[in-house]
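Working notes for the structure below.
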Amino acid sequence: MKKFLFTALLCLMVGTIAAQEVESSSRFMRPRNEFSVSYGVSLFLYNQNHFGCIEPAWGSNWFGDDTHTGSVMYFGVPGISYIYNHNTWFAQGAEFLMGGYYTNEYDNFTHERLEVDRYINYTFLYTARFTYMSREHCSLYGSASLGFMLRTYANEFDYGHVMGHLCPFGVSWGNANIRGFAEIGIGGKGLFRAGLSYSFGNK
């Protein structure tokens, strides 16, 4: 009985090691250099706060006696990035994003639009990406980002603060060089993000 259990345990260990080797050899390595363009959206209209916290801004906000503002119009978070693929499971790089929102200011009596108040956010992030399934035409991954955001109002510097983002789930599909991707997460890059990436160079 002991010999049988020992043999079964040994076979299980050998099988596990063999399966890991097959899994490792089947992981697909993309070219090292990866550029991407993307666009992120939020489910809410908000003023970005620390780490992308949501501060609702629905409806109209009256101020003063003669003017009022209209609804906040959020125009998303477009961005570009460069990522270096170290191996089949780890990559890191830098991202630049530009997002924000604007409101129109109106005269209370004539309802004429007087001016547009624009708030533009410029975000710079370091990103680490961890791929937990890598195949030739499809990959699953997660990522973590940390950096800082600069906000401008009417083309003048307003303030800056630390900005982060966590993406627990991302998927990419295509071939070795060109892929589309989509992500869900929380933070400075939006709740949902999609884009196109191009990889080149040595593997």
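The values are calculated or read from the model by the stated rules, or taken from the named source; none is laboratory data. Keep in mind that this is a model prediction, so the values were computed, not measured. A quick note on method: Cβ atoms are made from the backbone with ideal geometry, for glycine too, and the neighbour counts reach across all protein chains shown. Only protein heavy atoms, including side chains, enter the accessible area calculation; ligands, DNA and RNA are left aside. Shrake-Rupley method; radii C 1.70, N 1.55, O 1.52, S 1.80 Å.
Worth pointing out:
- Sequentially through region 192-198, phi angles give Karplus couplings (6.51, -1.76, 1.60; θ = phi - 60°) of 9, 9, 9, x, 10, 10, 10 Hz, Gly and Pro residues having no value and appearing as x.
- Sorting the segments 147-158, 180-191, 98-109 by their residues' average number of neighbouring beta-carbon atoms within 10 angstrom, most packed first, yields 180-191, 98-109, 147-158.
- Local electrostatic count at Gly147 - Lys and Arg +1, Asp and Glu -1, tallied over other residues with Cβ under 12 Å: 0
- Global geometry of region 89-132, whether rounded, prolate or oblate, following the gyration tensor of its Cα atoms and the 1.5 cut on a/c: prolate
- Of the solvent-accessible surface of region 66-162, computed with a 1.4 Å probe over protein heavy atoms with every protein chain present, carbon and sulfur atoms account for 60 percent.
- In terms of accessible area, using a 1.4 Å probe and ignoring ligands and nucleic acids, Leu114, Leu97 rank largest first as Leu114, Leu97.
- For region 146-181, the residues whose backbone nitrogen is under 19 Å from a point 7 Å from the Cα of Asn104, taken along Cα to Cβ, are 154.
- Using R0 = 45 Å, the C-beta based FRET efficiency linking Phe124 and Thr67 works out to 0.80.
- Scaled to the globular estimate 2.2 N^0.38 Å, the Cα spread of region 63-203, given as radius of gyration, is 1.35.
- Taking amide H as placed 1.01 Å from N in the peptide plane, Met163 has its amide H under 5 Å from the amide H of Gly147, Phe148, Met149, each at least 5 places away in sequence or on another chain.
- Heavy-atom accessible area per residue - region 129-192, 1.4 Å, Å²: 50 Å²
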